[in-house]
Structure formats: C-alpha cells, structure tokens
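The block underneath contains the structure these notes are about, expressed in structure tokens.
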Amino acid sequence: LVDYGGGTSYTQATILSALTAIGTVNKKVLLLRPGTWVLSSNADYSSYTNVTWKLPPGAVFQIATGTTLQLGGPLDTGTHQIFSCIGTGAVSFGSNGFVKKFYADWWGASSSATAAANAVAFQAATIAIPAGGILEILPFTYSLSVGTLYTTKVFHLATNKVTVEGHGEASVLSFVPAANGDVLANVIGTDITFRNFKALL
C-alpha cells in the first residue's frame, strides 16, 4: 500500500502496479495492509504463481458482483475473513496445488454469524475450491440456513474430488430447516469425501 498506493489507495490499480513491478519470475511476498481492497472488475492474477499473498487480519478483497478474482500463487494467511463477495462476485484458485486447504471462514463464516450469512460463506467457499482441495471445518458449530441457498442439497460443490474435513466432535454443521420443510439430503458433485465432523439435520 505504501510502495504502490501512496499509503491510501486500497485499489485494484495498486495491486496491479505491485505485481507488474514484481513480474512472474522471482519469488516474492506481496503484503496487503489491513483494509478493504476493492476489485471492481475481473482480476486475473493466476500467472503470478511466484507471488505469495500475505493477508493479515483486516485485509479483505472486496469483489464486486459479476467479478472474479483469480489467484495463482500461495496464500499466507490465517482463518480470518479475507474475501467479501458482493452478489455474484467470486474467487477462483489455480489447479497448481499451491493452496490445498480452504476455509469458509475466509468468506466470513463463523460460529457467531447468522445461519444465512454462514450459508452464503459456505456456498462461496465450495464453489471456489478446485479439484483435490480440502474444505476444513474448524472446531466450532456453524449454523446454516436451508432454503433459498441450499434447498435440499448439503453442498454446492462445483468441482469433483473434494474432501470436507472437520476436527471430530467439535466441528458441527447445524442446519436450520426452512419453513417449507426442506432437509439436507445429498450433494452436487461426485467423489466428495466427508470425514471427521458432525452434520445436524
């Protein structure tokens, strides 16, 4: 932010200026300062596999509706929120395997969030995970609403060969039935592995 955004411009242009200076050969860490980094148009950074994205708590990509953020390099971050997808805004990861574990918490899921907010976060996460990825359920209880987002499905996994993994009895997905009586019954996607967590239907 200081080097390429004048200390004030949390923008797509600031990020692109930094990436252009780095190039696609030398391995570098790109540190995004805490703040909301606004992406108003498609941002394809998939060719920068040499760049490690370091996002401390408070650094969040805000992705506009109809816009996709494509990342190619590793992530250096915790399990705090780093993505805020507005409407149909989405995140895409390369298939190179730099990022192996994914967390709905990156999209704002938490044990204190509403069931509706968690449903949005989990849906965004499962859409973003590439084949071979792991969606890790942290040792908390996450309430998820059933209805508009999930209807009669457990997860909307856009790719196959994904593992959903918890931390035993402490990892709980608690689904709140919709007024029309929908319950969670199956999964979109094939070769999906669920292990080591509880789903309360």
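Going by the conditions given, is A128 within 23 Å of R195 (Cβ to Cβ), among the small types (G, A, S), in contact with a strand residue (DSSP E or B) (Cβ under 8 Å, 6 or more places away or on another chain) and crowded, with 20+ Cβ neighbours inside 10 Å? Yes: the conditions hold for A128. Among residues of segment 10-35 that are closer than 12 Å to V60 by Cα, those with a Cβ under 7 angstrom from a residue that is β-branched (V, I, T), sequence gap 6+ or separate chain, pair up as Y10/T36; Y10/V38; T11/V38.
Being open to solvent by less than 40 Å² (accessible area, probe 1.4 Å), in contact (Cβ under 8 Å) with a residue 24 or more places away in the chain and closer than 20 Å to D3 by Cα is not true of L71. Residue check: is T65 surrounded by fewer than 13 Cβ atoms within 10 Å (Cβ to Cβ), outside any helix (DSSP H, G or I), without any contact (Cβ under 8 Å) to a residue 40 or more places away in the chain and among the polar types (S, T, N, Q)? Yes. Just one of the listed residues (V2, V29) is open to solvent by 40 Å² or more (accessible area, probe 1.4 Å), over 22 Å from A121 (Cα atoms) and part of a loop (DSSP other than H, G, I, E, B), and it is V2. Could you say which residue among V38, V2, V51, V25 is among the aliphatic types (A, V, I, L, M) and modelled with pLDDT under 95? None of the others qualify; the one that does is V2. Go through segment 80-99 and give me each residue that's assigned to a loop (DSSP other than H, G, I, E, B) and surrounded by 15 or more Cβ atoms within 10 Å (Cβ to Cβ). Correct list: H80, Q81, I82, G89, G94, F98, V99. Looking at this structure, is A131 among the hydrophobic types (A, V, I, L, M, F, W, C), modelled with pLDDT under 95 and not in a loop (DSSP other than H, G, I, E, B)? In short, no. If you go through segment 12-34 and pick out every residue that is closer than 18 Å to V91 by Cβ and either among the small types (G, A, S) or within 20 Å of the chain's Cα centre (by Cα) (or both), you end up with 4. Taking segment 163-182 as the search range and keeping residues that are more than 15 Å from S143 (Cβ to Cβ) and modelled with pLDDT under 70, which one is surrounded by the most Cβ atoms within 10 Å (Cβ to Cβ)? Checking each candidate, the answer is D182.
Give me the residue from segment 32-62 that is open to solvent by 30 Å² or more (accessible area, probe 1.4 Å) and β-branched (V, I, T) and, out of that set, nearest to I137 (Cα to Cα). Of everything passing the filter in segment 32-62, T52 is nearest to I137 (Cα to Cα).
The values are calculated or read from the model by the stated rules, or taken from the named source; none is laboratory data. No experiment lies behind these values; they were computed from the predicted model shown. Positions of Cβ are backbone-derived with ideal geometry, glycine not excepted, and every protein chain shown enters the neighbour counts. For the accessible areas, the whole protein counts, side chains as well, though only heavy atoms, and no ligand, DNA or RNA atoms are used. Shrake-Rupley method; radii C 1.70, N 1.55, O 1.52, S 1.80 Å.
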